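Notes follow once the structure below has been shown.
The values are calculated or read from the model by the stated rules, or taken from the named source; none is laboratory data. As the structure is a prediction and not an experimental result, all values here were calculated from the model. Glycine gets a Cβ as well: all are built from the backbone with ideal geometry, and neighbour counts include every protein chain shown.
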């Protein structure tokens, strides 16, 4: 994990994830990317990712840039720290369509959202809150000490 700490907040960049049992404040900025936050209130174990693309192909890029890989790895790490799926709940954010819904648009944001929802449904992890889609970016901050998450729009207008 390479991240930047400033004023007690750890800033997560695209293609990163953090799994921790320690109290942290993690923040990230999302456009078409998606961030899934997992939290186990019994064991105080948390995970947050920031992925750019829904599925890994044959590219030799950072594997955590891809939702399918990032989500699976994050869940495995959380469970290796003592959590059980039945103790987890999730939050899902991002997936904006920043370039409109033209026929030529691949709508990566929508595909990123779908990967998150399908993964969580498959693993029977309830979604406590989600704020996805639309045409604006978001800033997400996760306080792992209490499982509290805030999500705010970056601008009143489209970005």
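If I filter segment 51-81 down to residues being without any contact (Cβ under 8 Å) to a residue 40 or more places away in the chain and in contact with a strand residue (DSSP E or B) (Cβ under 7 Å, 6 or more places away or on another chain), which single residue comes out as surrounded by the most Cβ atoms within 10 Å (Cβ to Cβ)?
66
Here are 95, 109: which of them is touching a helix residue (DSSP H, G or I) at 6+ places or on another chain (Cβ under 6 Å), modelled with pLDDT of 95 or more and surrounded by 20 or more Cβ atoms within 10 Å (Cβ to Cβ)?
Result of the check over 95, 109: 95.
Would you pick out the residues in segment 17-48 that are touching a strand residue (DSSP E or B) at 6+ places or on another chain (Cβ under 8 Å) and on the phi > 0 side of the Ramachandran plot?
None; the set is empty.
Restricting to segment 37-49, name every residue that is touching a residue at least 40 places away in the same chain (Cβ under 8 Å) and buried (at least 16 other Cβ atoms within 10 Å of the Cβ).
37, 38, 39, 40, 44, 46, 48
From the set of residues in segment 8-36 that are under 11 Å from the mean Cα position of the chain (by Cα) and within 22 Å of residue 121 (Cβ to Cβ), which is surrounded by the most Cβ atoms within 10 Å (Cβ to Cβ)?
The extreme case among them is 34.
Checking the condition modelled with pLDDT of 95 or more and either under 30 Å from residue 107 (Cβ atoms) or assigned to a strand (DSSP E or B) (or both), which residue from 18, 5 passes?
So the residue among 18, 5 that is modelled with pLDDT of 95 or more and either under 30 Å from residue 107 (Cβ atoms) or assigned to a strand (DSSP E or B) (or both) is 18.
Among the residues of segment 137-148, is any closer than 20 Å to residue 43 by Cα, touching a residue at least 60 places away in the same chain (Cβ under 8 Å), surrounded by 15 or more Cβ atoms within 10 Å (Cβ to Cβ) and in contact with a helix residue (DSSP H, G or I) (Cβ under 8 Å, 6 or more places away or on another chain)?
No, the conditions are met nowhere in segment 137-148.
In a loop (DSSP other than H, G, I, E, B) and at pLDDT 95 or above: which single residue out of 124, 101 fits that description?
Residue meeting the stated conditions: 124.
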